[in-house]
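Student: Let me give you the structure first, and then I'll get to my questions.
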Amino acid sequence: MKKSLYIIRHGQTDLNLKGIVQGRGINSPLNDTGRQQAEAFYEHYKNEQFDKIYTSTLLRTHQTVDLFLRQGIPWEQLEGLDEIGWGIYEGREQTPEVMQGFLELTGSWRNGELDSSVEGGETPNQLLARQRRALDHIMASPDEEQVLICMHGRAMRVFLCMLINRDIALMDDFPHTNTALYRVHFNGEEFAITDTYNIKHLEGLLTD
């Protein structure tokens, strides 16, 4: 079985723009720029013949792929594609205190401490466990040869590590911005990234 995955981050939200922490528990909509990014992605890839669309359960991913959904492409929401839970940081501005805590936490992840989390949040290993279930579900349909997956920044980087069997401690090696695309091909035995951080569709648009 061969399969092509087009994996994108959702479009911009006002909370992205304002530097407010979004996680699994924040269900914010796209802003005007995010809608423009989503439209630009659609115009660039509308002829790709996707067999299925998978998104997280959060509104910002649904809105990002809405123009594809209007074509009647089958769609499924998977909680395994939701953003990591940021616990007490969710909905808070990135104050110096929050940023220091964030940097310490992500630094510990980089050092391989993947069972650590912010208070009330998820660990990378917990995120990975639900992503494995989501991937198993996506791969269980061999007739879906080309799929579009819309998810979230932190979650996407862990997901990419999982696909290519890279240590998820290296998740931050993958750049991301709103609606950035990674293409991943499964040849029947293993996954390979064939297009990395493609943002050609975003020329002339804000990508914060």
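The values are calculated or read from the model by the stated rules, or taken from the named source; none is laboratory data. Just so we're clear, the structure is a prediction, and the values are computed from it rather than from any experiment. Here the Cβ is made from the backbone with ideal geometry for all residues, glycine too, and neighbour counts use every protein chain on show.
Student: What residue, among those in the range 35-83 that are within 17 Å of the chain's Cα centre (by Cα) and among the charged types (D, E, K, R), is farthest from E203 (Cα to Cα)?
Tutor: My answer is E79.
Student: Consider only pairs whose beta carbons are under 8 Å apart and that are at least six residues apart or on different chains; among these, list those whose first residue lies in the range 101-116 and is within 14 Å of V21 (Cα to Cα) and whose second residue is part of a helix (DSSP H, G or I) and modelled with pLDDT under 95.
Tutor: G101/Y89; F102/Y89
Student: Let me ask something additional. Looking at the range 162-183, is at least one residue on the phi > 0 side of the Ramachandran plot and either of a type in the set (G, A, S) or not in a loop (DSSP other than H, G, I, E, B) (or both)?
Tutor: Taking every residue of the range 162-183 in turn, none turns out to be on the phi > 0 side of the Ramachandran plot and either of a type in the set (G, A, S) or not in a loop (DSSP other than H, G, I, E, B) (or both).
Student: Taking the range 112-125, which residues are in a loop (DSSP other than H, G, I, E, B) and at negative phi?
Tutor: Of everything in the range 112-125, those that are in a loop (DSSP other than H, G, I, E, B) and at negative phi turn out to be E113, L114, D115, S116, S117, V118, E119, G121, E122, T123.
Student: Another question, then. For T123, only one of the following conditions fails: (1) over 30 Å from Y42 (Cα atoms); (2) at pLDDT below 95. What is its number?
Tutor: (2)
Student: I'm trying to understand the selection: among the residues of the range 96-109, which are surrounded by 15 or more Cβ atoms within 10 Å (Cβ to Cβ) and over 22 Å from L15 (Cα atoms)?
Tutor: Across the range 96-109, the qualifying residues are S108, W109.
Student: Grab the strands (runs of 3 or more DSSP E) fully contained in the range 1-95, keeping just those with 2 or more residues being of a type outside the set (K, R), crowded, with 18+ Cβ neighbours inside 10 Å and modelled with pLDDT of 95 or more.
Tutor: Where strands (runs of 3 or more DSSP E) fall fully within the range 1-95 and carry at least 2 residues being of a type outside the set (K, R), crowded, with 18+ Cβ neighbours inside 10 Å and modelled with pLDDT of 95 or more, they are 3-9, 52-55.
Student: Then there is this: W109 passes all but one of (1) under 19 Å from L205 (Cα atoms); (2) outside any strand (DSSP E or B); which number fails?
Tutor: (1) is the only condition that W109 fails.
Student: With respect to E144, determine if the residue is of a type in the set (D, E), within 23 Å of R24 (Cβ to Cβ) and crowded, with 16+ Cβ neighbours inside 10 Å.
Tutor: So E144 fails the test.
Student: Out of F159, F174, which single residue is within 28 Å of N31 (Cα to Cα), touching a helix residue (DSSP H, G or I) at 6+ places or on another chain (Cβ under 6 Å) and without any contact (Cβ under 8 Å) to a residue 24 or more places away in the chain?
Tutor: Just a single option satisfies the conditions, and that option is F174.
Student: Residue by residue through the range 1-25, note down the ones that are out of contact with any Asp or Glu (no Cβ under 8 Å at 6 or more places or on another chain) and not acidic (D, E).
Tutor: M1, L5, I7, I8, R9, H10, G11, T13, L15 - these are the residues of the range 1-25 that are out of contact with any Asp or Glu (no Cβ under 8 Å at 6 or more places or on another chain) and not acidic (D, E).
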